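Engineer: Pasting in a structure now, in structure tokens, and then I'll have a few things to ask.
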Amino acid sequence: MISDIHEKRLDEAVQKLRAETGLQAIYGQLCNVADDVQVRALVAAAEEALGGTDVLINNAGLGGSRRLVEMDDAEWSRVLDISLTGTFRMTRAMLPHMQARRRGAIVNNASVLGWRAQKEQSHYAAAKAGVMALTRCSAMEAAEFGVRINAVAPSIALHDFLKKSAPADLLRQLSEREAFGRAAEVWEVANVMVFLASDYASYMTGEVLPVSSQRA
């Protein structure tokens, strides 16, 4: 079950996954994580279609570049509502189902900016630091029911949405700072998410794993 706020992008992703895997049991559900009604509808649809959800990946996020003194309340609130509160809403809706089964794994997408400073990223960095704290605290509650909650913290992974939302010069500069002189491929971050979702990470909870090659 995959979700997106954009219908066309969601449909294209579902069809691509079906074509590449040969599986037809791949479902798509529109959802805006800023809307709790839609969040709960997504969780209900996943529970029904999948016969119970084993893994939740909280990947919805929103960023942007703006100096603090030029940022209005609406921009600040929108970034936190999607990147942080959206993760909270999805976790809140899914956890009761996993806890009842006494199993499950949740993987959140944070960012190294939750630890590191970068100009024009106050809203995004605050949201991702919040995701890290949410991961740690919720993991302690979920552990009582055999459910694990962890997070990844990528530095920079290039994808089409990022290329549209950030200046090319900034992306080039950030990529050049990495030890390998390039940004991560999306699959290089996804592999770590798969590890955290798997039984190979069965003793890990409340952890935030950096997926980064930045110089010390």
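The values are calculated or read from the model by the stated rules, or taken from the named source; none is laboratory data. Fair warning: this is a prediction, and the values are worked out from it, not measured in the lab. Virtual Cβ from ideal backbone geometry, glycine too; neighbours counted across all protein chains shown.
Engineer: Of all residues in the stretch 17-35 being among the polar types (S, T, N, Q) and free of Cβ contacts under 8 Å to residues at least 24 places away in the same chain, which is surrounded by the fewest Cβ atoms within 10 Å (Cβ to Cβ)?
Structural biologist: This residue is GLN24.
Engineer: Output the residues belonging to the stretch 170-194 that are closer than 18 Å to ALA151 by Cα and either surrounded by 16 or more Cβ atoms within 10 Å (Cβ to Cβ) or of a type in the set (Ser, Thr, Tyr) (or both).
Structural biologist: The answer is ALA184, VAL189, ALA190, VAL192, MET193.
Engineer: Cβ-Cβ below 8 Å, separation at least six or inter-chain, first residue in the stretch 195-216 and closer than 22 Å to GLU144 by Cβ, second aromatic (Phe, Trp, Tyr) and surrounded by 11 or more Cβ atoms within 10 Å (Cβ to Cβ): which pairs?
Structural biologist: Qualifying pairs under 8 Å: ALA201/PHE195.
Engineer: Here's something else I'd like to know. Does LEU84 satisfy the condition of being loosely packed, with under 13 Cβ neighbours inside 10 Å, within 22 Å of LEU162 (Cβ to Cβ), of a type outside the set (Asp, Glu) and modelled with pLDDT of 95 or more?
Structural biologist: For LEU84, the condition - loosely packed, with under 13 Cβ neighbours inside 10 Å, within 22 Å of LEU162 (Cβ to Cβ), of a type outside the set (Asp, Glu) and modelled with pLDDT of 95 or more - is not met.
Engineer: Criterion first (more than 19 Å from VAL131 (Cβ to Cβ), in contact with a helix residue (DSSP H, G or I) (Cβ under 6 Å, 6 or more places away or on another chain), at pLDDT 95 or above and not acidic (Asp, Glu)) does ARG89 satisfy it?
Structural biologist: When the stated conditions are applied, ARG89 does not pass them.
Engineer: Which of the residues belonging to the stretch 99-112 are part of a helix (DSSP H, G or I) and within 25 Å of ALA129 (Cα to Cα)?
Structural biologist: Within the stretch 99-112, the subset part of a helix (DSSP H, G or I) is 99-101, 112.
Matches in the stretch 99-112: VAL112 only.
Each row is one residue, and each column tells you yes or no for (1) within 19 Å of GLY114 (Cβ to Cβ); (2) of a type outside the set (A, V, I, L, M).
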{"residue": "ALA139", "(1), (2)": "yes, no"}
{"residue": "PHE145", "(1), (2)": "no, yes"}
{"residue": "ILE156", "(1), (2)": "yes, no"}
{"residue": "LYS164", "(1), (2)": "no, yes"}
{"residue": "ARG172", "(1), (2)": "no, yes"}
{"residue": "ALA179", "(1), (2)": "no, no"}
{"residue": "ALA184", "(1), (2)": "yes, no"}
{"residue": "ASP199", "(1), (2)": "no, yes"}
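Engineer: In addition: What are the pairs with Cβ atoms under 9 angstrom where one residue, in the stretch 81-98, is acidic (Asp, Glu) and the other, located anywhere, is surrounded by fewer than 19 Cβ atoms within 10 Å (Cβ to Cβ) and at pLDDT 95 or above? Sequence gap at least six, or different chains.
Structural biologist: Note: pairs meeting the criteria are ASP81/ALA34.
Engineer: Let me ask another. Give the number of residues within the stretch 11-49 that are out of contact with any Ser or Thr (no Cβ under 7 Å at 6 or more places or on another chain) and part of a helix (DSSP H, G or I).
Structural biologist: 22
Engineer: Of everything in the stretch 195-216, what is more than 12 Å from SER155 (Cβ to Cβ), surrounded by fewer than 15 Cβ atoms within 10 Å (Cβ to Cβ) and of a type outside the set (Asp, Glu)? Give them in sequence order.
Structural biologist: Residues satisfying the conditions are SER198, TYR200, SER202, TYR203, ALA216.
Engineer: Which one is surrounded by the fewest Cβ atoms within 10 Å (Cβ to Cβ), of the residues in the stretch 63-78 that are among the aliphatic types (A, V, I, L, M) and in a helix (DSSP H, G or I)?
Structural biologist: Within the stretch 63-78, the first condition is being among the aliphatic types (A, V, I, L, M), and the residues that meet it are 68-69, 71, 74.
Filter once more, so that each one left must be in a helix (DSSP H, G or I): 68-69, 74.
Details: LEU68: 11, VAL69: 5, ALA74: 8.
Looking at the filtered set, the residue picked out is VAL69.
Engineer: Condition first: modelled with pLDDT of 95 or more and in a loop (DSSP other than H, G, I, E, B). Now tell me which residues in the stretch 129-161 satisfy that.
Structural biologist: GLY146, VAL147
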